[in-house]
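The values are calculated or read from the model by the stated rules, or taken from the named source; none is laboratory data. Because the structure is predicted, anything quoted here is derived from the model rather than measured. Don't worry about glycine lacking a Cβ; one is built from the backbone with ideal geometry, like all the others, and counts go over all protein chains shown.
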Amino acid sequence: MLSACATRVETATPPEVTREASPAAATITPAPVSTLGVEAESLRGIVIMAWHPWFGPEASLFETQVADFNAANEWGITVLTAGQSNYAELFNNVTASLAAPDKPNLVIGLPEHALFWDERSGVVDLAPYVSDPIWGMGADAVADFPSVFWEQDVVGERRLGMPAERTTRLLFYNETWARELGFGAPPASADDFREQACKANASFRQNEDPKDDAFGGWLVDTDPITAMSWLLAFGGGVQEAQGYRFLRPENVDAFRFVKTIFDEGCAFRLTDTTAVDAFANRRALFVTGGLEDIAAQSRAFLTLSSADEWTLIPFPGEAETMAVYGSSYIVIPSDDASQLATWLFVRWLLEPENQARWVSTTGMFPLRTSTLDLVADYASAHPQWVQAVKLLPFAQGTPRLASWRLIRLVLGDGFEFMFRVDMPVGQVATILADMDRAVEDLVK
């Protein structure tokens, strides 16, 4: 009864209150921290020395870019330069300087040079610099480099350099003259190449002047990269595991092919003129050249007021490919701050805008894909260069071995010997075997 008469009190359910998390409770993303152990203040006033092998337009542009970097970089880093005339002089001088106190901070050398110096503790591993969260390049920038350029300086987990410039050797092909000979397209195979070269040679044999009977086909070029390109086109090559092997069936086929067309008169040698002039004057339907030769070849046609159309094509064979090679930025050990300052200069040189200036001056490959958007005018004026760029997905690099600096000479000498000596095609395998023996002597 008491319970029934008592005043009933209802318990109210309190409303839900949503509270925002306090700043102290929020997830805080830690600021990125460099792994290199160098503070920005330590970079101020650092002077670094760069040695390069360039002359002419390349040297002039490099000096201009150095001056721009010195004037604009936020750390007050100063870059000084010293030219070394050529790669051979640079290699010898750097090698001699590795144990000296006045060695350079930066060297523009070949990847095989870096491998040689690395065996003497003379090269900085740039992998930590590339990936550093403060001073590095970032994943997007790394992905901007074609793999054939990016991987050339990598050995295992270490990076011994960054690409400085890359080129290739391809066949220069006169399309207008080929059409007059009855061919509507560039050769798609070795047999097609032979047919067109022989037809060009036959056009000279029809006149009454015996002095030009050798002209018309491929102007023989014995540069080591040309020889390597023929081997790659036939499915062969120079490297086997961590060494070399020249005597293999594919290489025999490649050397026999070029020696056969030479013996048939469809390839010839010249000593009284350059490949540029021979091509412009229709003394050769095919010549071999690098990207750096495109501008000179264009000028040669203009000088002759020639309306001939020409292009670049890969070496014909079983595979569409080309051999890419060139120099790299190599950092020599010093103190931590100087090494970082050197890396920052290299990173600046590889920015797309600076790369665009390099392409427009030298005609070399753009090292970054994004650079293509900045060289539209150059590409429009040099359609042959565009053809070479389109072949990059099929490109291969040179061997990543320190001994390549010597073995490439063996390759060039063996290839040149075939044309210098009147030897039967059947002895091609003997030449390749002799090259293998020379390699064994050099790499002992």
Only residues that are of a type outside the set (A, V, I, L, M, F, W, C) and buried (at least 20 other Cβ atoms within 10 Å of the Cβ): list them for region 228-240, please. 229, 236, 237
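Kindly establish whether residue 91 is of a type outside the set (Lys, Arg), at pLDDT 95 or above, in a helix (DSSP H, G or I) and closer than 30 Å to residue 403 by Cβ. It would help to see each step written out before you state the result.
Values: of a type outside the set (Lys, Arg): yes; at pLDDT 95 or above: yes; in a helix (DSSP H, G or I): yes; closer than 30 Å to residue 403 by Cβ: yes.
Yes, satisfied.
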Consider region 237-259. How many of its residues are closer than 20 Å to residue 423 by Cβ and not acidic (Asp, Glu)? 12
Out of the residues in region 94-122 that are in a helix (DSSP H, G or I) and hydrophobic (A, V, I, L, M, F, W, C), which is farthest from residue 349 (Cα to Cα)? 96
Within region 18-40, the residues that are at pLDDT 90 or above and either touching a helix residue (DSSP H, G or I) at 6+ places or on another chain (Cβ under 7 Å) or part of a loop (DSSP other than H, G, I, E, B) (or both) are 33, 34, 35, 36, 37, 38, 39
Just one of 413, 377 is among the charged types (D, E, K, R), more than 19 Å from the chain's Cα centre (by Cα), in a helix (DSSP H, G or I) and farther than 30 Å from residue 262 by Cα; which is it? 377
Return the residues of region 142-163 that are over 25 Å from residue 99 (Cβ atoms), assigned to a helix (DSSP H, G or I) and in contact (Cβ under 8 Å) with a residue 12 or more places away in the chain; say none if nothing qualifies. 142, 148, 149, 150, 151, 152
Number of positions in region 266-312 that are free of Cβ contacts under 8 Å to residues at least 24 places away in the same chain and touching an Asp or Glu at 6+ places or on another chain (Cβ under 9 Å): 1
Is there a residue being crowded, with 19+ Cβ neighbours inside 10 Å, among the aromatic types (Phe, Trp, Tyr) and farther than 17 Å from residue 316 by Cα anywhere in region 176-198? yes
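For residues in region 327-342 being assigned to a loop (DSSP other than H, G, I, E, B) and touching a residue at least 60 places away in the same chain (Cβ under 8 Å), which is surrounded by the fewest Cβ atoms within 10 Å (Cβ to Cβ)? Lay out the reasoning, then the answer.
Restricting attention to region 327-342, the residues satisfying the condition of being assigned to a loop (DSSP other than H, G, I, E, B) are 327, 332-335.
From the residues that got through so far, the ones that are touching a residue at least 60 places away in the same chain (Cβ under 8 Å) too are 327, 332-334.
Numbers: 327: 25, 332: 23, 333: 15, 334: 18.
In this case the residue turns out to be 333.
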Please note which helices (runs of 4 or more DSSP H) are completely contained in region 241-326 and include at least 3 residues that are out of contact with any helix residue (DSSP H, G or I) (no Cβ under 7 Å at 6 or more places or on another chain), basic (Lys, Arg) and surrounded by fewer than 21 Cβ atoms within 10 Å (Cβ to Cβ). none
Check on residue 398, among the hydroxyl-bearing types (Ser, Thr, Tyr), over 26 Å from residue 327 (Cβ atoms) and modelled with pLDDT of 95 or more: no
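Just the residues that are of a type in the set (Asp, Glu) and not in a helix (DSSP H, G or I), please, taken from region 47-79.
74
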Tell me which of these residue 393 doesn't satisfy, since it passes every other one: (1) surrounded by 17 or more Cβ atoms within 10 Å (Cβ to Cβ); (2) within 19 Å of the chain's Cα centre (by Cα); (3) in a helix (DSSP H, G or I). (1)
Kindly indicate whether residue 225 is in contact (Cβ under 8 Å) with a residue 60 or more places away in the chain, in contact with a Gly (Cβ under 6 Å, 6 or more places away or on another chain) and buried (at least 16 other Cβ atoms within 10 Å of the Cβ). no
Subset of region 191-219 (residues that are farther than 24 Å from residue 326 by Cβ and among the hydrophobic types (A, V, I, L, M, F, W, C)): 193, 197, 198, 200, 202, 204, 214, 215, 218
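For (1) touching a residue at least 40 places away in the same chain (Cβ under 8 Å); (2) closer than 23 Å to residue 153 by Cα; (3) surrounded by 15 or more Cβ atoms within 10 Å (Cβ to Cβ), each residue gets a yes or a no:
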position	(1), (2), (3)
74	no, no, no
80	no, no, no
86	no, yes, no
96	no, yes, no
104	yes, yes, yes
108	yes, yes, yes
111	yes, yes, yes
117	yes, yes, yes
127	no, yes, yes
Given the structure, is residue 220 under 20 Å from residue 420 (Cβ atoms) and within 30 Å of the chain's Cα centre (by Cα)? yes
Before we move on, is residue 307 at pLDDT 95 or above, of a type in the set (A, V, I, L, M), over 17 Å from the mean Cα position of the chain (by Cα) and closer than 23 Å to residue 173 by Cα? yes
Would you confirm whether or not region 234-243 contains a residue that is assigned by TED's automatic domain parsing to the domain that holds residue 433, touching a residue at least 60 places away in the same chain (Cβ under 8 Å), at negative phi and touching a Gly at 6+ places or on another chain (Cβ under 7 Å)? yes
Cβ-Cβ distance below 6 Å, separation of 6 or more or different chains: which pairs start in region 423-439 with a residue that is in contact (Cβ under 8 Å) with a residue 12 or more places away in the chain and assigned to a helix (DSSP H, G or I) and end on one that is of a type outside the set (Val, Ile, Thr) and surrounded by fewer than 20 Cβ atoms within 10 Å (Cβ to Cβ)? 425/256; 428/256; 432/247; 433/247; 436/247
